[in-house]
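Presented below is the structure to which this report refers.
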Amino acid sequence: MTADSKVRPASSWDDEAPDSEPVPPWTAQQVQTLLAREKPFSPWRVVGLQAVVGGLLALAWWLLGSAPAQQVRSTVWGAAAVVLPHALMAWGLRRRAVQAQAALLSFLVWELIKVGLAVVILVAAAWLVRDLSWPALLVALIACLKVHLGAWWWLSRAVQETN
């Protein structure tokens with residue numbers, strides 16, 4: 001077996017020329033320009049919009065529902081099961097972490113707290129609210145959860161406009 005007949009490993013990059021030029025790091029001025037151009041998105045805006053959606057649904061049930069008091073009460077519980085946990089998570093994640101691992105752990109802990117609180121609120125609604133209207137509760141719950149999709153769409157649209 002000669003040296004020419006040896007099989008080279010597929011991941012051998014040492015002899016090959018690079019496919020592209022390396023990207024130079026950004027200067028401080030370029031970063032500041034980008035930060036000035038991008039508008040910060042507050043999670044409190046999402047929480048506020050969720051509360052507005054819950055309030056509008058309660059108003060709709062009050063005006064159009066067959067049992068308005070029961071349906072409004074159920075709508076408030078459904079909206080609270082989304083708005084209160086999200087507000088707690090937004091409050092908990094208000095500080096920036098220095099390391100990526102700490103940020104991830106903080107996010108996961110607050111997400112677990114958020115889900116746990118939502119479950120507690122829904123169980124409390126089932127136990128405490130006499131004549132609970134499940135359709136009203138579920139409509140409010142789903143509508144308030146869908147606010148995240150709207151916010152995600154709005155953010156992606158804003159990013160596409162700036163590029």
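The values are calculated or read from the model by the stated rules, or taken from the named source; none is laboratory data. Note that the structure is predicted; figures quoted are calculated from it, not measured. Here the Cβ is made from the backbone with ideal geometry for all residues, glycine too, and neighbour counts use every protein chain on show.
For the range 55-66, a residue qualifies if it is of a type outside the set (F, W, Y) and in contact with a Ser or Thr (Cβ under 7 Å, 6 or more places away or on another chain), and the qualifying residues are L57, A58. Within the range 23-44, the set of residues being among the aromatic types (F, W, Y), modelled with pLDDT of 85 or more and closer than 24 Å to L93 by Cβ comprises just one member, W44. Selection within the range 135-162: residues that are closer than 26 Å to A36 by Cβ and aliphatic (A, V, I, L, M). The member of this set that is modelled with the highest pLDDT is A151. Among helices (runs of 4 or more DSSP H) entirely within the range 66-163, having at least 2 residues that are out of contact with any Phe, Trp or Tyr (no Cβ under 8 Å at 6 or more places or on another chain) and surrounded by fewer than 12 Cβ atoms within 10 Å (Cβ to Cβ) singles out 100-128, 134-162.
Residues of the range 65-94 being within 13 Å of the chain's Cα centre (by Cα) and either small (G, A, S) or modelled with pLDDT under 95 (or both), which ones? Answer for the range 65-94, where residues must be within 13 Å of the chain's Cα centre (by Cα) and either small (G, A, S) or modelled with pLDDT under 95 (or both): A87, A90, L93. For the range 45-58, the count of residues that are at pLDDT below 95 and over 19 Å from L141 (Cβ atoms) is nonzero.
Restricted to the range 22-65, and to residues that are in a helix (DSSP H, G or I) and among the charged types (D, E, K, R), which residue is farthest from W127 (Cα to Cα)?
R37
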